[in-house]
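Student: Structure provided below as structure tokens; questions to follow.
The values are calculated or read from the model by the stated rules, or taken from the named source; none is laboratory data. Treat the numbers as computed from the prediction; the structure is a model and nothing was measured. As a convention, Cβ positions derive from the backbone with ideal geometry for all residues, glycine included, and neighbour counts pool all protein chains shown. Ligands, DNA and RNA are excluded from the accessible area calculation, which covers all protein heavy atoms including side chains. Shrake-Rupley method; radii C 1.70, N 1.55, O 1.52, S 1.80 Å.
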Amino acid sequence: MILLAMLALAADLPGPWASGEHVDFAVAGAAVHATWSEAGTIRYARIDDNSPPELVGTGAVVGDGGQMRPEVLVVPRGRPVVVYSTAEGIQVAQRNEGWAASRLGGASAPALFAATARGGTLLVSWIASDGQRSSVYVGTQKPKKEGGNLSLVDMLYKGGADGVCMCCKPGIASREKEVVVAFRDAEGNKREIHQFSSRDTTRWADMGVTTRGGWAPGGCPADGPVVTNTAILVSDGRSGKRRVYAVSGRDERELPPLDPDAEVLQPRALPDGSLVAWVEATPGMNRLVVQDRGGAPTVIAETATRMEPGDPVVVGDDVWFPWQGERAHVVRIERGGH
């Protein structure tokens, strides 16, 4: 039996997202920014000063197992930006006196995307199909002094006859010396992770296939990779049961499941990789498991219904971890300064 050993140190946070779904956070200094969807309407609020929710945009498309959800980021001077998908494509909303959204060039339909910021540049990677093949793109937004317009930097990768997995969200992260984009490629029966990197956000190097699992699930697993500062986390069923692997260079390390009988999927992590998480699924039960600073894996939430984890963030000495069940949840993990 799995005991919720960390429940004494974890609590469900109330917030303005209670009637919405798919919460996302960004932290800049003392400011905590949140965005979420309410029946296709995207809302935003500053949580640290209890500001009332603001309308960001409408027509949002969310879901796809929790992979398609809004993201909030903070660019220089503490300006929040919200990225979300609609039927017309990916929208980037900026907050000045109010919120104004513009469509990301090159995307004209709902798309799985991931966003990050590097210096003053916002980068969004997404997967789209031209009706024949699926490909991976990156769009950027420079600071206003550099033009401030969204532009298609590159079609990073045009998949072969099998394309790339359209239902696996890409991963993107700004590391110390580079930006990394990772996605699940489809090559015959195999579903390996492919990686690109850039030092200047303009020229991209194809780093090739990152995993060597040889997993052939016979379809798309709807479970994209997560990129941290040091590794790429991916769910893979190479052993006959899904497990999460941390991939760095040519090293692939399996993260230890709490329940050996569970299927392990949907990895998430803090950007520095100090806390990693995943869902352990058994018949009739889903559990959200975290491993903090290499310690023992611990359950922080469980449900008999759907469990769609968001992205954790550090708020002070705590970690806030959103996940979507029949309603929106945010678990506050008391981490302490140790």
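Student: Within region 139-156, work out how many residues are in contact with a Phe, Trp or Tyr (Cβ under 7 Å, 6 or more places away or on another chain), surrounded by 15 or more Cβ atoms within 10 Å (Cβ to Cβ) and modelled with pLDDT of 85 or more. Don't jump to the end; show me each part of the working.
Tutor: Within region 139-156, the first condition is being in contact with a Phe, Trp or Tyr (Cβ under 7 Å, 6 or more places away or on another chain), and the residues that meet it are 152, 154-156.
Now narrow it down to the ones that are surrounded by 15 or more Cβ atoms within 10 Å (Cβ to Cβ): 154, 156.
Checking which are modelled with pLDDT of 85 or more leaves us with 156.
The total comes to 1.
Student: Which pairs have Cβ atoms under 7 Å, sit 6 or more apart or on different chains, and link a residue in region 83-99 that is charged (D, E, K, R) to one that is open to solvent by 40 Å² or more (accessible area, probe 1.4 Å) and not in a strand (DSSP E or B)?
Tutor: Note: pairs meeting the criteria are GLU88/SER108.
Student: Sticking with this one: Only one of these conditions is not met by ASP311: (1) crowded, with 22+ Cβ neighbours inside 10 Å; (2) touching a residue at least 60 places away in the same chain (Cβ under 8 Å). Which number is it?
Tutor: Exception for ASP311: condition (1).
Student: Okay, next question. Would you check if SER239 is under 21 Å from ALA117 (Cα atoms) and free of Cβ contacts under 8 Å to residues at least 40 places away in the same chain? Break it down into steps so the answer makes sense when it comes.
Tutor: Working: under 21 Å from ALA117 (Cα atoms): no; free of Cβ contacts under 8 Å to residues at least 40 places away in the same chain: yes.
Judged against the criteria, SER239 is not a match.
Student: With (1) under 17 Å from the mean Cα position of the chain (by Cα); (2) open to solvent by 60 Å² or more (accessible area, probe 1.4 Å); (3) hydrophobic (A, V, I, L, M, F, W, C) as the list, and VAL290 as the residue in question, which single condition is left unmet?
Tutor: Looking at each condition in turn, VAL290 falls short on (2).
Student: Further, regarding this structure: Being of a type in the set (Lys, Arg) and over 25 Å from ARG191 (Cα atoms) is the requirement here; does ARG293 meet it?
Tutor: Considered against the rule, which asks whether it is of a type in the set (Lys, Arg) and over 25 Å from ARG191 (Cα atoms), ARG293 comes out as yes.
Student: Another question, if that's okay. Identify all residues within region 158-209 that are within 24 Å of GLN132 (Cα to Cα), surrounded by fewer than 18 Cβ atoms within 10 Å (Cβ to Cβ) and polar (S, T, N, Q); write none if there are none.
Tutor: Scanning region 158-209 gives a single hit, ASN189.
Student: List the pairs whose first member sits in region 134-148 and is at positive phi, whose second member is crowded, with 20+ Cβ neighbours inside 10 Å and modelled with pLDDT under 90, and whose Cβ atoms are under 7 Å apart, counting only residues at least 6 apart or on separate chains?
Tutor: Filtered contacts from region 134-148: GLY148/GLN141.
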